[in-house]
Amino acid sequence: MASASRGVTRELRTRSGSRPCPAELGREQPATRPFVFSDFPHGTKRGRTAETARRGDERHKTRRPFVGVLGINRQQCGTASTKAGNGGRRRSTHDVTVPLPIFSVSSPVRPGHVSSGFEVRDRKVRDRGENVDESRTAPGFDFESRVVQVRDLIRSGDNEGTLRVAAELEQVADTPERSGRALIAQVGALVNLGRARECPELLDRAFHRLDGTGEHASIANVHAVAAIVAAPDSHERAIRHLVQATCSLELIEQPTAAAAGAWHDIAVSYSYLGFHRQSLVASERSYSTARAAGLGPGDHALPEIAVRAAVAADHLGDSRSCVHGLRDVLATWAKRCAPDQLWTPERLYHSYASARLRALGETVDLDTPPPTPDSTSWEIDDLHVLTVACEHIARGQTDAALRRLDGHDITDHTLGAAEVPRLRALAHQRAGDYRAALTVEREVVRLATGELPALRDRITQAARTQLDHEALRRLVAQYASQALTDPLTGLPNRRHFEREFHRLAGTSRRTTLGMIDVDGFKAVNSAHGHLGGDLVLQRVAAILARTVRQGDFIARYGGDEFVVVLPDTDAATADDLDERLRRAVDGGGWDALVPGTPVSVTLGWAGLEECGNLAHALETADRAMLARKSRLSGAV
């Protein structure tokens, strides 16, 4: 698997800029790392920051900035790339890790024209013959001047300032679209500041504001960013967001630059996750959509996706597919555009395809020498080192190749963790040292297949979840009216529960009622947002439904509370079921779904005969549940 970039994507690409290293994503990052938004004026140039100036001649690394829905379209303006910085820091050890894939441009504008996504939205409204509502804007507040101010803050690397002004824009935004984009801007600033744990609440608001607006590209971008924030904790949630982003884009009937950018994001995210087939499909959708929308042949061109897929095949021993894939990269992009039309990182990947072929002993008719980049980054540095090592191997200068690889700290995420040992193996093989080559190849296999055990676990868990879901669907199918079903969990709702309880109360059967409360649910919402909380409630519901006995009645009472009705059950039998339910929830695999926030349940019971009516039974069961919580808390 190529990387941890698993999960709200917009494109983070400029012509010669660079994306942040996935290994660092979400960790503490210097405030000078730029996050650029395409709702803000296009054609700007990012000069050196104050921190860079203080560092003097120290080499200044850039990261490919966020550009997506709120980004700067530099390709259409023809502006020269410039350096912006993070002070050269490549890695930190902060415990918040959020991978950030590359995000692209939104829409072409004329050079020098100050345009924003907000203006685009206003033009759409005016085209429909409607007036732009400025009634919510505070008196004297110039919305567009604040948009320009955010642009300047981004350009200067002031993420704290960006966060502050974007929050003000959200407060005065007069449409859900403007509000949603301002929220995305805040998320980007927080990620750049290494404060990704503050993002879930903002993402929840962005989803809420954009819900029902029909802004499918914006909704896809929010899902892309959500995937990035979710990735370090749960690859499954990250993939879920990417699939939802794809579904949103499928609703767009006409090709647009925004849709091309969203497809671009999805492609890079899938590629980092190691889902190469999906990333290849998405990259082609990005390119074809961009061309149909009138963008240039180098915009949204992603040879890196195919290069990464090809070398991944080589890491698994399929050199034939690798050679075929790399040759296809060279042939495809020779037809589509000149190399100098590609963004700088993509030109480097394109050049690496030919260098890698020569390292494998292949003859390359079309030589693509690497460009001289006008900026530096972890990715550009890595590709330069790897390309030079391949050239040394091709020329038989194996000692030089090994020294080149040993003397640099290559990031695993550029072309996969196994690429460096694979090149070492090729160097040893070219030198005739087959014993050393075999030893290194074992390391290649270990790195290339290291994710397989975890993948098997996830497949097993997915199968179990699917079975739970099917069982839950069968249970729901028993209920005739949708009004009696909780829409989130699929369980009977409170109304249905009350109806069932009163039915049983009219019989002579001994009935026991249980109140079930999810422990630590507030911590789940705080750490993972309401989307994470919804997933927990759905999983708890499925576990309870499969654990109760046939004939028992389980329902969601409200919030994080469930109720269970046990016909023909005495206290001893209820206690036995109590233990089974708690054990089943404890073993629900919560660390994979909501890491760091364990989930359990506490139950309280009441007998209908002793209580006499529903209200008294509910109160008695609730008191028993709270008393048990108090005892357990005291024991801890």
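Other residues lying with their Cβ under 14 Å from the Cβ of Glu441 contribute a combined charge of +1, Lys and Arg counting +1, Asp and Glu -1. Near the amide H of Thr213, within less than 5 Å, lie no amide hydrogens of residues on another chain or at least 5 residues away, with H placed in the peptide plane.
Within the shell defined by Cβ-Cβ distances under 14 Å, the residues around Tyr557 carry a net charge of -4, with Lys and Arg each +1 and Asp and Glu each -1. Multiplying the residue separation of Ala627 and Asp534 by 0.36 nm and subtracting their alpha-carbon distance yields 30.8 nm. For region 301-451, the average shadow cast by the Cα convex hull is 8.3 nm², which is a quarter of the hull's surface. When peptides 257-263, 598-604, 507-513 are ranked by their average number of other Cβ atoms within 10 Å per residue, the highest-first order is 257-263, 598-604, 507-513. In a reduced charge model with +1 at each Lys and Arg Cβ and -1 at each Asp and Glu Cβ, region 494-634 shows a dipole moment near 240 debye about its Cα centre. Highest mean packing first, where packing is the average number of other Cβ atoms within 10 Å per residue, the peptides 619-630, 389-400 line up as 389-400, 619-630. When the alpha-carbon atoms of region 556-636 are used, the pair Rg, Dmax equals 14.1, 43 angstrom.
For region 494-634, the alpha carbon convex hull comes to 104 Å³ per residue, rounded to a whole number.
Here region 301-451 is assigned +1 on the Cβ of each Lys and Arg and -1 on the Cβ of each Asp and Glu. Its dipole about the Cα centre then comes out at about 460 debye.
Between Arg583 and Asp399, the simple label model (points 7 Å from Cα in the Cβ direction) yields a spacing of 6.7 nm.
Under a model in which nothing but the beta-carbon of Lys, Arg (+1) and Asp, Glu (-1) is charged, region 279-335 shows a dipole of about 140 debye around its Cα centre.
Applying Stokes-Einstein at 37 °C and 0.692 mPa s to the Kirkwood radius of region 398-529, computed over alpha-carbon pairs, gives a translational diffusion coefficient of 155 µm² s⁻¹. Note on Asp365 and Glu619: the extension gain reaches 83.3 nm, defined as 0.36 nm multiplied by sequence separation minus the Cα-Cα distance. Averaged per residue, region 494-634 has 45 square angstrom of accessible surface, using a 1.4 angstrom probe with ligands and nucleic acids left out.
Using a cut-off of 14 Å between beta-carbons, work out the net charge of the residues near Lys629 (Lys and Arg +1, Asp and Glu -1, Lys629 not included). Taking every Cβ under 14 Å from that of Lys629, the sum is -1.
The values are calculated or read from the model by the stated rules, or taken from the named source; none is laboratory data. In this text, all values refer to a predicted model and were calculated from it rather than measured experimentally. Glycine also receives a Cβ, built like all others from the backbone with ideal geometry; neighbour counts cover every protein chain displayed. The accessibility values were calculated without ligands, DNA or RNA, using every heavy atom of the protein model including side chains. Shrake-Rupley method; radii C 1.70, N 1.55, O 1.52, S 1.80 Å.
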